[in-house]
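Contents: one structure, followed by commentary.
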Amino acid sequence: MVSYSSRIFTRTFPKSTAFGLARTLSPFSTGSRLNQIRSMSDSTQFKKIQIQRDDNTFDAYVVGKENAPGIVVLQEWWGVDFEVKNHALKISQFDPGYKALIPDLYRGKVGLDVAEAQHLMDGLDWQGAVKDIQASVNWLKANGSQKVGVTGFCMGGALAIASSVLVPGVDAVAAFYGIPSSELADPTHAKAPVQAQFGERDNFVGFSDVKTAKAFEEKLKVSGVPYEVCLYPEAGHAFMNKSPEGVKRRKGMGMDDVDDAVVELAWSRFRSWMSRFLSS
């Protein structure tokens, strides 16, 4: 199927390097420090909660309709910043309404430049992050969401795909430009439907470049779950980040802007995917 500047595949990738993404990104100049970037979305719309897992408690941010299908929204390597909140707020407002939950995987820390984000992701306990996702899914299902999906961007995209393999109770996954390392999760063992979207101009080799995306598609084929892999010829990494601050940050990392129509198409496919699998 071919539709506006994208190709939908129904296949997948070789061994990826989610653990090594920071080293993949490190050639970019950090540029000027983005001093205290503020969220475009009104933080008062989010309810801050605490979720328990094992002997660990972490903060999470919830927005959206009560008793609606839930979607766990996973951060990029920056942390719980303005952009992931923008995404969660947008998702919560899609018809028929969703309850979006952002788990704070960095425990309150946010990277304001590439060096800080790299340091934070290098220190992430990936297996612990998977446990955070499991606890978030459990919380949503215990609080009115009959079905729960997981989505994420960049680092969060890799973790979203990992959740399709490792987290029981996930009903659908929609990931953006990120694939987990084989050490963390093997997509051939995915148990939940997976949609994954990538830009063909993405140069993060082994993590989200087009060759890795196509090889990932082949692994999904083996898994036997419903899947959809979408490639956008005119898009690079992080193409969903369209807030003024997000565009400025992407340009500071040497990334070109992308046409709004590409982003809207990607959101349209996301909506269709989640509606298909999360509707009662």
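The values are calculated or read from the model by the stated rules, or taken from the named source; none is laboratory data. Just so it is clear, the structure is predicted and the values come from calculations on it, not from any experiment. Here the Cβ is made from the backbone with ideal geometry for all residues, glycine too, and neighbour counts use every protein chain on show.
Within region 37-56, residues that are modelled with pLDDT under 90 sit with their Cβ atoms under 6 Å from residues that are hydroxyl-bearing (Ser, Thr, Tyr), at 6+ positions apart or across chains, in these pairs: MET40/SER243. For region 93-143, the candidate set comprises residues that are part of a loop (DSSP other than H, G, I, E, B) and acidic (Asp, Glu); within that set, the residue that is surrounded by the fewest Cβ atoms within 10 Å (Cβ to Cβ) is ASP95. When the residues of region 71-94 are filtered to those that are free of Cβ contacts under 8 Å to residues at least 60 places away in the same chain and not hydroxyl-bearing (Ser, Thr, Tyr), the one that is farthest from PHE207 (Cα to Cα) is GLN93.
Looking at region 181-194, can you tell me whether even one residue there is within 21 Å of GLY236 (Cβ to Cβ) and surrounded by 22 or more Cβ atoms within 10 Å (Cβ to Cβ)?
Of region 181-194, the ones within 21 Å of GLY236 (Cβ to Cβ) are none.
For region 181-194, residues within 21 Å of GLY236 (Cβ to Cβ) and surrounded by 22 or more Cβ atoms within 10 Å (Cβ to Cβ): absent.
Against the conditions (1) free of Cβ contacts under 8 Å to residues at least 60 places away in the same chain; (2) over 15 Å from the mean Cα position of the chain (by Cα), ALA68 satisfies every one except (1). Counting the residues of region 178-218 that are assigned to a loop (DSSP other than H, G, I, E, B) and of a type in the set (D, E, K, R) gives 7.
So that you can scan it fast, the table gives a plain yes or no per residue for (1) of a type outside the set (S, T, N, Q); (2) at pLDDT 95 or above:
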residue	(1), (2)
THR188	no, yes
GLN197	no, yes
GLU217	yes, yes
TYR227	yes, yes
HIS237	yes, yes
PRO244	yes, no
ALA261	yes, yes
PHE277	yes, yes
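Name the residues in region 254-280 that are more than 30 Å from GLN146 (Cβ to Cβ) and either buried (at least 17 other Cβ atoms within 10 Å of the Cβ) or not aliphatic (A, V, I, L, M) (or both), would you? Let's see the steps before the verdict.
First pass over region 254-280, keeping only residues more than 30 Å from GLN146 (Cβ to Cβ): 254-262.
Correct list: GLY254, MET255, ASP256, ASP257, VAL258, ASP259, ASP260, VAL262.
Quick grid of which residues meet (1) in contact (Cβ under 8 Å) with a residue 12 or more places away in the chain; (2) touching an Asp or Glu at 6+ places or on another chain (Cβ under 7 Å):
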position: PHE176; (1), (2): yes, no
position: ASP209; (1), (2): no, yes
position: LYS221; (1), (2): yes, no
position: VAL225; (1), (2): yes, no
position: GLU234; (1), (2): yes, yes
position: ALA261; (1), (2): yes, no
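Of the set (1) closer than 30 Å to LYS141 by Cβ; (2) part of a helix (DSSP H, G or I); (3) under 17 Å from the mean Cα position of the chain (by Cα), all apply to LYS221 but (3). Checking each residue in region 236-255 for being within 17 Å of PHE176 (Cβ to Cβ) and either in a loop (DSSP other than H, G, I, E, B) or touching a residue at least 24 places away in the same chain (Cβ under 8 Å) (or both) picks out GLY236, HIS237, ALA238, PHE239, MET240, ASN241, LYS242, SER243, GLY246, ARG249, MET253, MET255.
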